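What follows is a short report on a single structure.
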Amino acid sequence: MDYYSNIKQELINNQIYKKVKDYSKNRNDLETYYKVGKLIVEAQGGESRAKYGDNLIKDYSKRLTNELGRGYSVTNLKRMRQFYLICEKSPTMSDQFNYNITISHLDLLLSIRDESKRNYYLNYCIKNNLSVRELKNKIKLNEYERLDNKTKEKLINNQENKIEDFIKNPIIIKNRGYQIISEKLLKYLILEDIENFLKELGDGFCFIGSEYKIKIGDRYNYIDLLLFNIEFNCYVVIELKITELKKEHIGQIKTYMNYIDKNIKKINMDKTIGIIIVKKENKFILEYVSDNKIFVSRYITI
């Protein structure tokens with residue numbers, strides 16, 4: 001087989017296709033990447049020898065650049081080869097041609113060596129239609145690394161997720177240059193950027209209210225943040241603490257959760273969960289938290 005001619009023809013077809021059918025060029029770009037990568041691997045003698053065939057890629061790059069113009073550097077051809085090899089090992093990657101993933105998304109994803117980490121960001125892109133800028137920001141903030149190890153295992157094994165699985169630890173809250181953080185200011189910073197805060201908790205979280213007033217006996221109490229999760233059909237009580245986790249924080253949030261379950265939750269809803277966001281965790285107290293509906297995560301400001 002004349003591999004070079006086949007590669008050249010695939011790239012020419014892609015250029016023509018992008019001019020004629022702009023609406024679906026992303027899919028065609030990725031299919032071209034796959035086909036060209038496959039041809040390069042075959043020309044190099046198969047997958048086991050592909051990484052040793054860089055001289056062939058250099059030759060192809062020089063010839064393609066002379067005949068077709070810019071865009072076919074050694075780096076780009078290696079990226080196409082890498083894309084094909086990853087697709088062969090990762091069904092998640094190879095099944096994504098039908099989604100709105102661009103070459104720019106792909107460049108970011110291919111820079112991630114860890115397959116589980118790469119699949120996490122790929123699936124998130126597909127589910128939430130992330131822009132390139134949004135994807136880059138998630139990678140920069142180490143979102144995958146801030147997931148619990150149990151969650152990562154579930155992702156690898158394609159197990160069913162629970163509401164707590166995607167709560168990041170630590171939770172990142174954007175600061176506006178304040179030096180001293182009070183609970184009131186922490187709440188203000190969250191409300192000022194509530195959309196990103198909800199994303200830090202995971203998918204499906206909706207804002208109900210802040211300083212949510214409830215009456216217990218003859219006294220009013222105020223829940224820092226009350227949310228609802230539409231995917232898991234339950235209320236979520238958030239309590240903010242600028243200190244280390246204390247045992248009284250557990251009792252406080254449990255009281256609020258019980259109130260919501262008794263007075264606000266509908267019969268078809270799941271039980272309320274509670275999330276305590278603290279400056280510092282306390283492993284000794286966490287060891288004795290028996291309620292599996294209460295979760296603790298620390299926060300950092302940037």
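Tabulated results
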item	result
Cross-link pairs LYS117/LYS293; LYS271/LYS293; LYS187/LYS213 - those with Cα-Cα distance over 19 Å	LYS117/LYS293
Region 134-193: radius of gyration and largest Cα-Cα distance (Dmax), Å	14.8, 43
Projected label distance in nm at GLU244 and SER104, using a 7 Å step from Cα toward the beta-carbon	4.7
FRET efficiency for ASP165 and LYS215, using Cβ-Cβ distance with R0 set to 35 Å, rounded to 0.05	0.55
Full-stretch length increase - ILE12, ARG113 - with 0.36 nm per residue and alpha-carbon distance subtracted	33.4 nm
In degrees, nearest ten, helix 247-263 long axis to first principal axis of the chain (Cα)	90
Dimensionless Rg/Rh of the chain - Kirkwood Rh, Rg from C-alpha atoms	1.12
Summed residue charge, Cβ within 15 Å of ILE285's Cβ, Lys/Arg positive, Asp/Glu negative	+2
Sequence of ARG146, ARG133 from largest to smallest accessible area, 1.4 Å probe	ARG133, ARG146
Calculated log₁₀ intensity ratio I(q)/I(0) where the Debye formula runs over C-alpha points of region 209-292, q = 0.11, 0.12, 0.15, 0.25 Å⁻¹	-0.30, -0.36, -0.56, -1.30
Gain in span if fully extended, TYR288 to TYR3, counting 0.36 nm per residue against the direct Cα distance	96.2 nm
Rounded to 10°, Cα long-axis angle of helix 54-68 versus longest principal axis of the chain	80
Net charge of neighbours whose Cβ lies under 15 Å from the Cβ of ILE181, counting Lys and Arg as +1 and Asp and Glu as -1	+3
Amide H within-cut-off set for ILE208, under 5 Å, with H built and near neighbours excluded	LEU226, LEU227, PHE228
Rounded FRET efficiency, nearest 0.05, which uses the C-beta distance separating SER48 from TYR178 and R0 of 51 Å	0.35
Inter-label distance for ARG298 and THR65, nm, one decimal - labels placed 7 Å from Cα along Cα-to-Cβ	4.9
Cα-centred dipole magnitude for the chain, charges only on beta-carbon of K, R (+1) and D, E (-1), debye, nearest 20	500
Amide hydrogen neighbours beyond the local backbone of ASN175, cut-off 5 Å, H modeled	ILE302
Heavy-atom surface of the chain, accessible at 1.4 Å and reported per residue (Å²)	57
Placed amide H near ASP148: partners under 5 Å, 5+ positions off or other chain	none
Label point distance in nm, ASN123-GLU145, each placed 7 Å from Cα along Cα→Cβ	2.1
Residues ASP203 and ASN258, FRET efficiency given R0 of 30 Å [Cβ-Cβ distance, rounded to 0.05]	0.70
Extent along principal axes [Cα atoms of region 48-180; Å; largest to smallest]	59, 40, 28
Share of carbon and sulfur in the accessible heavy-atom surface of the chain [1.4 Å probe, %]	47
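The values are calculated or read from the model by the stated rules, or taken from the named source; none is laboratory data. All figures in this text were calculated on a predicted structure; none of them were measured in a lab. Methodologically, a virtual Cβ is constructed for each residue, glycine included, from the backbone with ideal geometry; neighbour enumeration extends over all protein chains shown. Quick note on the areas: whole protein, heavy atoms, side chains included, nothing else; ligands and nucleic acids left out. Shrake-Rupley method; radii C 1.70, N 1.55, O 1.52, S 1.80 Å.
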